[in-house]
Amino acid sequence: MLKLNAGTFYNVTQLMNSVINLAEFERRCHCSNAKEYKNDVPADLRASMCDRIKELQDCLRALDANITNAEVQRLLTKLSRSSTITFEDVARSFEQISSRLHDELSGKKLFALPTSKARYYEYAVLLFGEEVEIKFLDAIEEISEAGKCLAFGRYTASVFHLMRAMEIAVVEAGRKISATVQDKNGETLAWGLIVANIKPKIDALPKGQVQDEWYKLHALLHSVNRAYRTKTAHPKKSYNQEEAEDAFNATKVFMQHLASVL
């Protein structure tokens, strides 16, 4: 998938207009007749135009506008290597470039992320913070995908990824407190069973700050399990933006707290 900043489109139009306006201004300065286009482009103007055209090429590469870029390269070659090139040649080249760019962009589908959602996509790896990333390496991809799905409005998919991240976290929590997380065949237990197995282990801890932290963790875990895990398991359930964001925030709070306990 092509990713680019919306400013790239603005830069393309600005650079094209810049070269065209520069050429037109110089043409009027060098031609006695305002409508005359047959005069050669002076060497110093060629160099200036080449610099701006190279900037234009960088933007076109970002847009994946390869056909347009090929047309731009033809003009660049003429400006830098041909013994003569007229203002008329430049004007015709830019007519072709504009036409190619219109055709190429007309065939692309573009999706714009509002600023409020861009952070879910742009900073997907560190959405839950550095400590979570360090403690739950196996969950990072799920968290990242959850963020990207949330950014693009795929809310149900986001919740599924969040819950897969939670499954990894719940197992780690169970192992940390020596609760049973696997059955006799070595298969990982269902999330609800692990939650149930964790509770007696917390009750057996000495009273104090450590136990209090685990009780808080268990409450968060039980809340997330009840609110999202059961619903997500239902194949016909879908989530709207508010529900997905609630799931995201609940999962984030739990995993951050667990990371501080581990």
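Here, each number is a calculation from the coordinates, and none is a lab measurement. Being a predicted model, the structure only gives us computed values, none of them experimental. Here Cβ is always computed from backbone atoms with ideal geometry, including for glycine, and neighbour counts include all displayed protein chains.
Candidates Val261, Ala169, Asn197 compared by Cα position along the dipole of region 123-261: farthest toward the positive end lies Asn197, with charges placed on Cβ.
Since only Leu22, Leu150, Tyr120 are under comparison, the one whose Cα sits farthest along the positive direction of the charge dipole of the chain, derived from C-beta charges on Lys, Arg, Asp and Glu, is Leu150. When the chain is treated as a Gaussian network with alpha carbon springs shorter than 10 Å, the biggest mean-square fluctuation among Ser93, Ser106, Ser158 belongs to Ser106. This model, with +1 at the C-beta of Lys and Arg and -1 at the C-beta of Asp and Glu, gives region 123-261 a dipole about its Cα centre of some 460 debye. Around the amide H of Leu262, modelled in the peptide plane, lies no amide H under 5 Å away from a residue 5 or more places distant or on another chain.
For region 79-96, the Karplus equation 6.51 cos²θ - 1.76 cosθ + 1.60, evaluated at θ = phi - 60°, returns couplings of 5, 8, 10, 5, 5, 9, 8, 8, 4, 5, 4, 5, 4, 5, 4, 6, 5, 5 Hz by residue, with Gly and Pro reported as x. The H on the amide N of Gln182, modeled in the peptide plane, is under 5 Å from the matching H of Leu189, each at least 5 residues off or on a different chain. Dipole magnitude for the chain: about 480 debye, using +1 per Lys or Arg Cβ and -1 per Asp or Glu Cβ, origin at the Cα centre. The charge dipole of region 7-106, taken about its Cα centre with unit charges on the Cβ atoms of Lys, Arg (+1), Asp and Glu (-1) only, comes to about 200 debye.
Determine the alpha carbon to alpha carbon distance for each of Lys148/Lys199; Lys176/Lys216; Lys108/Lys252; Lys78/Lys108; Lys108/Lys148; Lys216/Lys252 and list only those over 25 Å.
Numbers: Lys148/Lys199 34 Å; Lys176/Lys216 15 Å; Lys108/Lys252 36 Å; Lys78/Lys108 29 Å; Lys108/Lys148 21 Å; Lys216/Lys252 14 Å.
Table pairs above 25 Å Cα-Cα are Lys148/Lys199; Lys108/Lys252; Lys78/Lys108.
Under the rule of -39500 (n - 2.57) per DSSP H run of 4 or more residues, summed and divided by the residues of the chain, what mean residue ellipticity at 222 nm is obtained, to the nearest 500 deg cm²/dmol?
On the way: 11 runs with 178 residues, N = 262.
My calculation for the chain gives -22500 deg cm²/dmol from helical runs alone.
Taking Ala62, Ala247, Ala169 as the candidate residues, the one with maximal mean-square fluctuation in a Gaussian network model of the chain, Cα springs under 10 Å, is Ala62. Per-residue 3J(HN,Hα) values for region 66-78, derived from phi via the Karplus relation 6.51 cos²θ - 1.76 cosθ + 1.60 with θ = phi - 60°, read 5, 5, 4, 5, 5, 5, 5, 5, 4, 5, 4, 5, 5 Hz in sequence order (x marks Gly and Pro). Computed from backbone phi with θ = phi - 60° and the Karplus coefficients 6.51, -1.76 and 1.60, the 3J(HN,Hα) list for region 201-208 is 5, 5, 4, 7, 5, x, 5, x Hz; x is used for glycine and proline.
Over the chain, what is the mean sequence separation of C-alpha contacts under 8 Å (at least six apart), divided by residue count, expressed as relative contact order in percent? Please list the in-between numbers first.
Numbers: 262 pairs, mean separation 39.8, N = 262.
That works out to 15 percent.
Here the chain was treated as a single set of alpha-carbon atoms; its pair distances binned every 10 Å from 0 give 6, 23, 19, 12, 11, 11, 10, 6, 2, 0 percent.
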